[in-house]
1. Please go through (1) at pLDDT 95 or above; (2) open to solvent by 10 Å² or more (accessible area, probe 1.4 Å); (3) over 19 Å from L82 (Cβ atoms) for D444 and return the number of the only condition it doesn't satisfy.
2. Give me the helices (runs of 4 or more DSSP H) completely within the range 175-277, filtered to those with at least 3 residues that are within 29 Å of D309 (Cα to Cα) and in contact with a Pro (Cβ under 8 Å, 6 or more places away or on another chain), ordered by residue number.
3. What's the number of the only condition in (1) touching a Pro at 6+ places or on another chain (Cβ under 8 Å); (2) more than 30 Å from D305 (Cα to Cα); (3) at pLDDT 95 or above that L90 fails to meet?
4. If E287 satisfies every condition in (1) crowded, with 22+ Cβ neighbours inside 10 Å; (2) free of Cβ contacts under 8 Å to residues at least 60 places away in the same chain; (3) acidic (D, E) but one, which is the exception?
5. Would you point out the residue of the range 357-411, among those that are among the hydroxyl-bearing types (S, T, Y) and in a loop (DSSP other than H, G, I, E, B), that is nearest to the chain's Cα centre (by Cα)?
6. Can you pull out every residue in the range 130-178 that is among the acidic types (D, E) and closer than 30 Å to A466 by Cβ?
7. I need the strands (runs of 3 or more DSSP E) fully contained in the range 61-171, keeping only those with at least 2 residues that are open to solvent by 20 Å² or more (accessible area, probe 1.4 Å) and free of Cβ contacts under 8 Å to residues at least 24 places away in the same chain.
8. Among the residues that make up the range 219-227, is at least one of them under 30 Å from I345 (Cα atoms), open to solvent by less than 60 Å² (accessible area, probe 1.4 Å) and touching a residue at least 24 places away in the same chain (Cβ under 8 Å)?
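The values are calculated or read from the model by the stated rules, or taken from the named source; none is laboratory data. Keep in mind that this is a model prediction, so the values were computed, not measured. Virtual Cβ from ideal backbone geometry, glycine too; neighbours counted across all protein chains shown. We work out accessible area using only protein heavy atoms, side chains counted, and drop any ligands, DNA or RNA first. Shrake-Rupley method; radii C 1.70, N 1.55, O 1.52, S 1.80 Å.
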Amino acid sequence: MTVSPLIESDVDYKGRIGQLIRDARKHRGLTQTQLAERLGTSQSAINRIEKGHQNLSLEMLARIGTALDSEIVALGAGPTHLRVKGPTTLSGDIDVKTSKNAGVALLCASLLNRGRTTLRKVARIEEVNRLLEVLGSLGVQTRWINAENDLEIVPPKAIDLSRIDEEAARRTRSVLMFLGPLLHRADSFELPYAGGCNLGTRTVEPHMSALRPFGLEVHATDGWYHGRVDRKIVPGRPIVLTERGDTVTENALMAAALHPGTTVIRNASSNYMVQDLCFYLQALGVEIDGIGTTTLTVTGKKDIDVDVDYAPSEDPIEAMSLLAAAIVTKSEITVRRAPIEFLEIELAVLEEMGFRYELSSEYLAANERTRLVDIRTFPSELVAPRDKIHPMPFPGLNIDNLPFFAVIAAVAEGQTYLHDWVYDNRAIYLTELNKLGGRVSLLDPHRVMIEGPTSWTGAELICPPALRPAVVVLLAMLASKGTSVLRSTYVIHRGYEDLAERLSSLGAEIETFRDI
């Protein structure tokens, strides 16, 4: 039987939409049954949708988009796509923007302060926009002061949690970091959460271990965190974090900031965003010893009501993204304002692989604490490292920088092994490089083997639902021969401000477009 091109195209479209929904569901940590419950349908219907065997109405597409926080299946003007012409050679200078993760933490921490907080050069990304919507619904006044992305935050005298913007809260993965500040604001409260996490899972239980010493108990039911605080319970001994996580440490710090006694936090993260949060809390009058180590001693205040001006430091993950762009395209560029303390291990690994670069003298960031340098890159012939590449808590190779080594390894001579032991299934998305000519073998959900060098060829791909792998695919497209298309790039906008435009300022040929 002959199938018309129109029907073939329709089937292919439904299959691509189904694959997208499946990837987004897995990225959100949902089973097919859990997604079905959110949509009021059956698990078998979700299975048919993901296989491309189900017709979908516009209403159902909109509902799926809301449930999965995915612009790809949302109604409206339609998702944005990128068209990339390559191969390209980059040139020029570019400044690293301030830290996304620090900005998110500082927005949450502003709830500790009854005075005005002014944050300088905040990254205007989608994750920040969602948090501002949530804060606004709680009565917090926020406004962008100028074109430099300075942000003013003025809290209300009382926070009304009953007015919380549920939709915006479910679209941010940072809602967990409201627990630390809010336990001082209310004896009981409810927060919506997204992603299908349940208490006792890896992502939530470490937070509970950190906050129970302050009297907080949380139960998760029907997509809500139900919190209750017993004011008689205060930390009686050092808090030992069961996981040296960044957000877990930040929650413990924020809880300790409004506890007037002294709290000792052990096995704390000393990563860049945690240090920025510590510096901000010190500006609020909180005493913190041990910044940059795994033991933090915090002497909090019963009440914080000060006007404070703070500038978060630059983002080492964005700096690594720009370095990877230069390496893959064999370009000479200067990445300015790179936080060297959080890039030294990455640069040591790259140097072992043959990467040639120069560092400027060190200078201080606007927070007057973080050390910055300018990094000048040179076209380099790379070889695979002798050992596998794997992340470790700071001061080790940053977990979020590991995916960039996939595209770097793809242009190096030999076999490189990456071990992403932290995240389940994130390594899977690195195999998308194969569609551009890469040779990436998935050994298990945490390990990939990459064979280089690669002869990149342009292709059309749907953006992976994970932020860093999505950027990795975009960087490979810069080095690919011909025209590539990266569809539905909302996930990149969650973590990067104007990345395509900024790469274009270095000479990349990237066009943003929407389907008609």
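1. For D444, the failing item is (1).
2. The qualifying helices (runs of 4 or more DSSP H) are 246-257.
3. The one condition L90 does not meet is (1).
4. Result: E287 fails condition (1) only.
5. First, the residues of the range 357-411 that are among the hydroxyl-bearing types (S, T, Y): 357, 360-361, 363, 370, 377, 380.
So of that shortlist, the ones also in a loop (DSSP other than H, G, I, E, B) come out as 360-361, 370, 380.
Values: S360: 28, S361: 30, T370: 21, S380: 29 Å.
It comes out as T370.
6. Taking the range 130-178 and keeping what is among the acidic types (D, E), we get 133, 148, 150, 152, 160, 165-167.
Once the filter is applied, which keeps residues that are among the acidic types (D, E) and closer than 30 Å to A466 by Cβ, the range 130-178 yields E133, D165, E166, E167.
7. On the way: elements: 80-86, 91-95, 117-119, 141-144, 151-154.
Passing ranges, in order: 141-144.
8. The answer is no; no qualifying residue exists.
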